[in-house]
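Here the structure comes first, spelled out in structure tokens, and everything after it is commentary.
The values are calculated or read from the model by the stated rules, or taken from the named source; none is laboratory data. Everything numeric here is computed off the predicted structure, so don't read it as measured data. So basically every Cβ, Gly included, is an ideal-geometry build from the backbone, and we count neighbours across all protein chains shown. Ligands, DNA and RNA are excluded from the accessible area calculation, which covers all protein heavy atoms including side chains. Shrake-Rupley method; radii C 1.70, N 1.55, O 1.52, S 1.80 Å.
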Amino acid sequence: MTPFMISVMSLLDGAPPPVPETEPSQAGPVAVVTDTQVVVRSLAEQLVCEANAVLRDHGTAFTLADETGPGSLSFTIGCGEAEARVETAVSGRTAVARLTASGLPDDGPRRLTSEDELQALLLGLIAASVRR
């Protein structure tokens, strides 16, 4: 059992979900921003698998869908009706990350402060899904 799986079990037992820390997203070099996107996406897949191992006995599970298009790499993580989208939009030689999820400030493009905050984001999605 991983520490994240234990966090999922604690949440299902009534622990409050943590709030993911975000910050305004700034444009950066394409290579740097897209590398971060790949790291976050890889971690998301690992965490979704861990969470689903716990959630399968509770009638809910995460989905993870990749999307690509001209100038954009993104993925959406869903749990029930709650979802979050992580996108990297490329324009010329720069790119900017955008995190979209309910409950986050709507004051421009935002990103997680670190890859570790992805756990808090997923726990928040589970909590939102369980409350509905």
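All of (1) open to solvent by 30 Å² or more (accessible area, probe 1.4 Å); (2) among the β-branched types (Val, Ile, Thr); (3) assigned to a helix (DSSP H, G or I) hold for Val33 with one exception: (1). Return only the number of the condition from (1) within 12 Å of the chain's Cα centre (by Cα); (2) assigned to a strand (DSSP E or B) that Thr68 does not satisfy. With respect to (1) within 12 Å of the chain's Cα centre (by Cα); (2) assigned to a strand (DSSP E or B), Thr68 is out only on (1).
For Leu118, the conditions (1) in a helix (DSSP H, G or I); (2) at pLDDT 90 or above; (3) open to solvent by 70 Å² or more (accessible area, probe 1.4 Å) are fulfilled apart from (3).
Checking each residue in the stretch 81-96 for being of a type in the set (A, V, I, L, M) and either open to solvent by 40 Å² or more (accessible area, probe 1.4 Å) or at pLDDT 95 or above (or both) picks out Ala84, Val86, Ala89, Val90, Ala95, Val96. Determine whether the stretch 27-44 contains at least one residue that is among the β-branched types (Val, Ile, Thr), under 15 Å from Leu125 (Cα atoms) and under 14 Å from the mean Cα position of the chain (by Cα). For the stretch 27-44, residues among the β-branched types (Val, Ile, Thr), under 15 Å from Leu125 (Cα atoms) and under 14 Å from the mean Cα position of the chain (by Cα): absent. Between Thr113, Thr88, the distinction of being over 25 Å from Ala127 (Cβ atoms), in contact with a strand residue (DSSP E or B) (Cβ under 8 Å, 6 or more places away or on another chain) and of a type outside the set (Gly, Ala, Ser) belongs to Thr88 only. Among the numbered conditions (1) under 21 Å from Ser129 (Cα atoms); (2) small (Gly, Ala, Ser); (3) open to solvent by 40 Å² or more (accessible area, probe 1.4 Å); (4) out of contact with any strand residue (DSSP E or B) (no Cβ under 7 Å at 6 or more places or on another chain), the only one that Ala65 does not meet is (4). Note on the stretch 1-10: among residues that are in contact (Cβ under 8 Å) with a residue 12 or more places away in the chain and over 17 Å from the mean Cα position of the chain (by Cα), the one that is most open to solvent (accessible area, probe 1.4 Å) is Met9.
Note on the stretch 1-22: residues that are of a type in the set (S, T, N, Q) and within 16 Å of Ala84 (Cβ to Cβ) amount to 1.
For (1) among the small types (Gly, Ala, Ser); (2) touching a helix residue (DSSP H, G or I) at 6+ places or on another chain (Cβ under 9 Å); (3) touching a residue at least 40 places away in the same chain (Cβ under 8 Å), each residue gets a yes or a no:
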position: Glu67; (1), (2), (3): no, no, no
position: Pro70; (1), (2), (3): no, no, no
position: Phe75; (1), (2), (3): no, yes, no
position: Ala82; (1), (2), (3): yes, yes, yes
position: Thr100; (1), (2), (3): no, no, no
position: Asp106; (1), (2), (3): no, no, no
position: Arg111; (1), (2), (3): no, yes, yes
position: Ala128; (1), (2), (3): yes, no, yes
